[in-house]
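The values are calculated or read from the model by the stated rules, or taken from the named source; none is laboratory data. Note that the structure is predicted; figures quoted are calculated from it, not measured. Cβ placement follows ideal geometry from the backbone for every residue including glycine, while neighbour counts extend to all protein chains displayed. Side chains included, ligands, DNA and RNA excluded: accessible areas come from the protein's heavy atoms. Shrake-Rupley method; radii C 1.70, N 1.55, O 1.52, S 1.80 Å.
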Amino acid sequence: MVDLSESGAVSPGHGRHGQGSGNNGKKTSKKARTRRGKRGRRRRNKKNNRNNKTPPPYLPPEAEEGNIEYKLKLVNPTQYRFEHLATQLKWRLQEGRGEAVYQIGVEDNGLLVGLTEADMKASLKTLKRMAEKVGADITLLREREVDYDLDRNTRKIAEVLVRKVPDDQQFLDLRVAVLGNVDAGKSTLLGVLTQGELDNGRGRARLNLFRHLHEIQTGRTSSISFEILGFNSKGEVVNYSESRTAEEICESSSKMITFIDLAGHHKYLKTTIFGLTSYCPDFAMLVVSANTGIAGTTREHLGLAMALKVPIFIVVSKVDLCSRGTVERTVRQLERVLKQPGCNKVPMVVSSPDDAVTAAQQFTQSSCITPIFTLSTVSGESLDLLKVFLNILPPLSNSKEQEELMQQLTEFQVSSVAIICQCQRVMTVTSDWLLQGMVMVSPKMNPTICCQFEAAIVLLFHAKTFRRGSQVTVHVGNVRQTATVECLHGKDELRTGERAVVRFRFIKHPEYLRLGAKLLFREGVTKGIGHVSRLLPPFQNHDQNQNQNHDQNLQEH
């Protein structure tokens, strides 16, 4: 009897285990055993690969609406097919208000199939022809390899941005409110983005943004200012580095980012809130200094943007002033705050161009995604990632919503009398009677003003209780005025976190309000949000005031 564990004797002609005498009792060489062992492992691995294939990667299924189109391939289409593809591209551009994203190498169900190099090259050539036919340009955002099966060759998918100036407008305009604590670097960041030159470390880039002498002397913003950054149809930056005036930037751009630079100091909080409520920003950019972290008004600004449901992304600036460990500690601090139950956000740190593309797409598709950028305005580190993000950032509203908005009657909010004064030569009006907070509306709307209104509110924070007689500063759009709480329906008082329908009365003069308009009120540490649920016309206000006074006199006697 031969011990197989020692000899390893195997006879290929006598049974599976070779227990016969085919090798005349001679031991198999070590080299032969090694070869057979490798072949056995390869067979086992191949079998395991067949049984445990990596599941194929998927994107969400293609939506009929929106500006994202999936195409498996676009290789040598017939003329009829090409005309159909061009018409389809027009539809996607219309849905994206001048922008569309094509995913090449992807099936309609979202399966990432990928294309060979030759097919991908031919597909991109066809897409370029389609774009030229409709007067658009294409920009290759990224290519990714797809390799989910070891038995297949590696293929690629491509993500392409198609951009065209819409026929009914000059350019696509997105408004971004800039928030953050004082000295976080907000104005410096905007100066670098819009001027095209890095900062010298002492705030040189922000000087062109200040409007008042005391802002230049202190280096702190106290008013609302506007700065623009453009992108042409090819995705290239257009700013003051090559253009002298704002008009030249607008003429050369297919997409405009209008930054609303808001004050960071707590004593200018009313100005910051006015900017958020009156200018209706599409997005908010919260700037946090890497060396100080979450400090001052940072949490308050974050809470205001969330209360007004403005999508927010975060920029951690001044990374050149501190170590990598300090930057990571600040990012972790932000992640903890964003994940808290009150926020319920999913932080997404952007560290590569691929991350920037993904962040721009997911940011508008999901309200919980919060991109985080870490950059320096002095060294320019990761500044290009923010530009990639802003270039790809799509509008929140689609073409259908824009059409509905265009069909509505005219309503123009007066947020700055100085701007109106510049237009006197065009208008038939004078600025003597114009005040901030007024509106210019179509007579067909039958506009009315009110001294009292009701709002469904939630009290975000109050040190004690919120009751009848309390006075708060109310912000509704461009309206900012002190109001008194006349009554709380069904309750005597409110505490933090409670809800109620409250009647407010303006103490100075009546205002024009709209039903459903977002409302924010504050007084010291007291803060609350809600929406206008009922308007009381002036005559009704007068009658109710008389009835209340009469009831009060009866109670006194």
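For the range 114-126, what does the Karplus curve 6.51 cos²θ - 1.76 cosθ + 1.60, with θ = phi - 60°, yield as ³J(HN,Hα) per residue in whole Hz, taken in order and with x for Gly and Pro?
Each residue's phi maps through the Karplus curve to give x, 10, 5, 4, 5, 5, 5, 5, 5, 5, 5, 5, 5 Hz.
Which aspartates and glutamates does Lys400 reach when only Cα atoms under 12 Å apart count, and residues fewer than 8 places away in its own chain are ignored?
List returned: Glu65, Glu95.
What does the charge add up to near Val532, with Lys and Arg as +1, Asp and Glu as -1, over the other residues with Cβ less than 13 Å from its Cβ?
Once positives and negatives cancel, what remains is +2.
Between His531 and Glu493, what length in nm is gained on full extension when 0.36 nm per residue of separation is reduced by their alpha carbon distance?
Full-extension gain reported as 11.8 nm.
Tell me which residues come under 5 Å, amide H to amide H, from Arg175 once H is placed; ignore anything under 5 positions away on its chain.
Thr258, Asp282, Phe283
Going by a ≥ b ≥ c, the root eigenvalues of the Cα gyration tensor, does the range 239-375 fall in the rounded group (a/c under 1.5), the prolate group (a/b larger than b/c) or the oblate group?
Rounded, since a/c falls under 1.5.
Sort 230-236, 322-328 by the packing proxy (mean of other Cβ within 10 Å over each peptide's residues), most packed first.
Going by the mean number of other Cβ atoms within 10 Å, highest first, we get 230-236, 322-328.
So how far apart, in nm, are the two label points at Leu409 and Cys280 if each is 7 Å from Cα heading toward Cβ?
For Leu409 paired with Cys280, the spin-label model returns 1.6 nm.
What number comes out for the charge environment of Phe231, summing +1 per Lys or Arg and -1 per Asp or Glu over other residues with Cβ under 9 Å away?
Cβ neighbours under 9 Å give a net charge of +3.
Output the peptides 384-391, 80-87, 199-206 sorted from most to least packed, where packing is the average of other Cβ atoms within 10 Å over each peptide's residues.
Ranking, from highest mean packing down: 384-391, 199-206, 80-87.
Please list the non-local residues whose amide H lies under 5 Å from the amide H of Leu434, H modeled 1.01 Å from N, same-chain partners needing a gap of 5 or more.
Amide H neighbours of Leu434, under 5 Å, 5+ apart: none.
Compute the distance in nm between two label points, each set 7 Å from the Cα along the Cα-to-Cβ direction, one at His266 and one at Cys368.
The modelled label-to-label distance comes out at 3.3 nm.
Students often get this wrong, so check it: of Lys90/Lys186; Lys121/Lys234; Lys464/Lys508, which have C-alpha atoms separated by over 29 Å?
Lys90/Lys186
What is the calculated FRET efficiency for Cys322 to Asp384, with r their C-beta to C-beta distance and R₀ = 25 Å, to the nearest 0.05?
For R0 = 25 Å, the calculated efficiency reads 0.75.
Taking amide H atoms as placed 1.01 Å from N in the peptide plane, list the residues 5 or more away in sequence, or in a different chain, whose amide H sits under 5 Å from that of Arg142.
Answer set, sorted by chain and number: Glu159.
Let me know the shape class of the range 328-390, please: from the alpha-carbon gyration tensor, a ≥ b ≥ c as square roots of the eigenvalues, rounded when a/c is under 1.5, otherwise prolate if a/b is greater than b/c, or oblate.
Cα axes put the range 328-390 in the oblate bin.
Cα centroids of the range 326-390 and the range 92-163: how far apart, whole angstrom?
Computed from Cα coordinates, the inter-centre distance equals 26 Å.
Across the range 87-102, in residue order, what do the Karplus-derived ³J(HN,Hα) couplings come to in whole Hz, using 6.51 cos²θ - 1.76 cosθ + 1.60 with θ = phi - 60° and x for Gly and Pro?
With the stated coefficients, the range 87-102 comes to 5, 5, 5, 4, 5, 5, 5, 5, 5, x, 6, x, 10, 9, 10, 10 Hz.
Report the full-extension gain for the segment Val458 to Asn446: residue separation times 0.36 nm, less the Cα-Cα distance, to one decimal in nm.
Residue separation times 0.36 nm, minus the Cα-Cα distance, leaves 1.3 nm.
I need the phi-derived Karplus couplings for the range 329-345: 6.51 cos²θ - 1.76 cosθ + 1.60, θ = phi - 60°, integer Hz, Gly and Pro marked x.
Those phi angles translate into 5, 5, 5, 5, 4, 5, 4, 5, 5, 5, 7, 5, x, x, 9, 6, 9 Hz.
Heavy-atom accessible area per residue, the range 263-345, 1.4 Å probe: how many Å²?
Normalised by residue count, the accessible surface of the range 263-345 is 40 Å².
Of the listed peptides 299-310, 333-344, what is their order by residue-averaged count of other C-beta atoms within 10 Å, with the highest listed first?
Top of the packing list down: 299-310, 333-344.
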